[in-house]
1. Residue under question is GLN219, and the condition is that it be exposed (fewer than 15 other Cβ atoms within 10 Å of the Cβ), modelled with pLDDT under 95 and within 27 Å of GLU147 (Cβ to Cβ); does it hold?
2. Are there any pairs, at least 6 apart or on different chains, whose C-beta atoms fall under 6 Å, with the first in segment 135-163 and more than 18 Å from GLN186 (Cβ to Cβ) and of a type in the set (Val, Ile, Thr) and the second modelled with pLDDT of 95 or more and surrounded by 14 or more Cβ atoms within 10 Å (Cβ to Cβ), and if so, which?
3. I'd like to check something: does segment 79-97 contain any residue that is farther than 25 Å from ALA138 by Cα and either touching an Asp or Glu at 6+ places or on another chain (Cβ under 6 Å) or small (Gly, Ala, Ser) (or both)?
4. Of the residues ILE61, ILE46, only one is modelled with pLDDT of 95 or more and of a type in the set (Val, Ile, Thr); which?
5. List pairs: first in segment 188-205 and modelled with pLDDT of 80 or more, second in a loop (DSSP other than H, G, I, E, B) and surrounded by 13 or more Cβ atoms within 10 Å (Cβ to Cβ), Cβ under 8 Å, 6+ apart or cross-chain?
6. Restricting segment 122-136 to residues that are aliphatic (A, V, I, L, M) and not in a loop (DSSP other than H, G, I, E, B), which is surrounded by the fewest Cβ atoms within 10 Å (Cβ to Cβ)?
7. Scan VAL92, VAL126 and give me the residue that is among the hydrophobic types (A, V, I, L, M, F, W, C) and over 16 Å from ARG203 (Cα atoms).
8. Which residue out of GLU165, GLU119 is acidic (Asp, Glu), part of a strand (DSSP E or B), exposed (fewer than 15 other Cβ atoms within 10 Å of the Cβ) and out of contact with any Gly (no Cβ under 7 Å at 6 or more places or on another chain)?
Amino acid sequence: MFPRILQVVAWLIFSLLPVSALAQLSAEPATVYSIDSENSILRVFIGRAGILARLGHNHVIHTQALSGEIRLSPDLLDSRGGFSFPVNSLIVDDPAERERAGDEFDSQPNESAIAGTRENMLGEEVLHASAFPEISVAVAPLSSSGEQWLLAVAISFQGRTHNQEIPAVIVVDETSMQIQASFTLQHDDLGLSPFTAVGGSLRVAEALDFELSLLAQAQ
């Protein structure tokens, strides 16, 4: 009786091994893409508002200090990724960026105005960079149709996480991934209050327009 039980157990093990091996072979690993900081950029376009808006400037903020990776799964909706950047890497009103942005940004602020804008942006009332030196973004796909994707985005800074859904165009091949996204958020979406001056007569507009261009290289 006992040897018969061993035979049955051995047969079960033998019969299951090929299935397990086949499952391992069919479970393709995710492809990891690392963000190419030199060829990636995040831009934020900030308008002016208030009865004294004509005295202020629209602003272009950008950074290329983006680092992170994207894990592209064979089942695309299982993919995950993210990036982060130091708050101090944000550049205000670079002349080339203002020229690229078009006519609404054709007036170039002087160095003093740029320095003041950056100081206000990094200060306690806005990004509070001294206490919260990094902003991170986690990304997961919600749907995809060809190159058109809808992404769930979690933006973390100042100890809080803000969840958004944004559309993106994503082009993938064996060596690289390109992500392009343009979207608008309100200050309130990010838990921020627009910076104001002159008793609120001059202030930053509520809407923030973003452009994200990422190039990631397969590892």
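The values are calculated or read from the model by the stated rules, or taken from the named source; none is laboratory data. Bear in mind the structure is a predicted one, so any value in this text is a computation, not a measurement. Here the Cβ positions follow ideal geometry from the backbone for every residue, glycine too, while neighbour counts run over all protein chains shown.
1. yes
2. VAL139/GLY81; VAL139/GLY82; VAL139/LEU151; VAL139/VAL153
3. Checked segment 79-97: at least one residue is farther than 25 Å from ALA138 by Cα and either touching an Asp or Glu at 6+ places or on another chain (Cβ under 6 Å) or small (Gly, Ala, Ser) (or both).
4. On inspection, the qualifying residue turns out to be ILE61.
5. That search, which allows pairs on different chains as well, returns GLY191/GLN158; LEU192/VAL126; ALA205/PRO194.
6. Among those residues, the one meeting the criterion is LEU122.
7. Sole residue among the options that is among the hydrophobic types (A, V, I, L, M, F, W, C) and over 16 Å from ARG203 (Cα atoms): VAL92.
8. Every option except GLU165 fails the conditions.
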